[in-house]
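Every number here is computed from the coordinates shown, using simple stated rules; none is lab data. None of these values were measured; they are calculated from a predicted model. Neighbour counts run over all protein chains shown; Cβ positions are idealised from the backbone, glycine included.
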Amino acid sequence: MVQQQLEQSIIPVLIETQQQFLSILALELENPLDIFTTLEISKLSANLFLKHLLILADFGGEKLQRLNQEFDLLFPDGELEYIWNNTQFCYRFQVLPISGILSNQKLNVSSQKLLLRKQTLSEVYKDIIVVLLFAGDSTNPKISGIFKTWGCQIGQLMGKYDELSEFIRQRYIYLSRITAGAKSNDLGQLLQRHIYQYLGKNLNQNDININLNSTIPGVSHKQTGKRDTNFDIVVSKGEKYIAIEISFQETTNSTIERKAGQAKSRFEQIDGLGYKIIYIIDGVGNFQRQSALNTIDEYSHLLLAFSESELNYLHYFILDFIENENR
């Protein structure tokens, strides 16, 4: 069941294409609408590019419907005048509003369709991309106020690689209400499975054992001392062990708080045995309960966000600990 969901999930596709998406937005352009030409000559499909933007702006199906339904009130002249790089530009919408409902399915950005159907850059894609990038910087204070609250200011970061990279690192794979097809717990399992497969692929030549939902010798629940502690992933070789705990948070921080409550005891046992514990939490920097995250950071050997670059560092950290006799 988990494997079937993973194959349909958008998560692996987004991870795989994150760098392509970043490279397109990070190009320094003279005209902001040159982003369309850049996208057309890239290998990234238009609907996948749009999906990345929708996730970064946290612009879900409800907002898409409101944009379409209220379009004539928001843009009575059918134009968006906006400021980009201290210069004023004007974009005339091509097809919005459309007849019927503007939905993820109609745009081919729902998980299943996104994996199966690659779309070229259409006029409706252009209209929505412009809204997501620039509507928050409208010269109309009322319009800019609305779209700022909707996260539509991503265009401010175009051409700024470092700022874009940090923004994506903090917001990436937040997936909130946008990602359909699985509840928060299911998505947590998908992330766990994806990381498990990533490690299996990248560590398979090093005789390293990787196990899902496994235990470490000598690490038990401190209250009773009778039941071994279960970890999301356990990596081991010989007498060396690494515990990995993974959290996906959609609308609640309860799992984060539970893991924070267990962090001190687990760290003391694992560190005392000379092992390591790592936490991977999607959307680091987006949690309302920062104290829980600080606790996890204090009582761990490594805290990572869920992104391609962070997984690369995880790979390096594991090899450094497992293969180094002095560690």
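Structure values in brief
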item: Restraint check, Lys43/Lys160; Lys63/Lys160; Lys43/Lys276; Lys160/Lys240; Lys126/Lys201; Lys118/Lys276, Cα-Cα greater than 32 Å; result: Lys43/Lys276; Lys160/Lys240; Lys126/Lys201; Lys118/Lys276
item: Within segment 2-171: Cβ-based charge dipole about Cα centre, in debye rounded to nearest 20 (Lys, Arg +1; Asp, Glu -1); result: 540 debye
item: Sorted peptide list for 127-138, 71-82, criterion being average Cβ within 10 angstrom, highest first; result: 127-138, 71-82
item: Residues whose placed amide H lies under 5 Å from that of Leu121, excluding near-sequence neighbours; result: Ala46
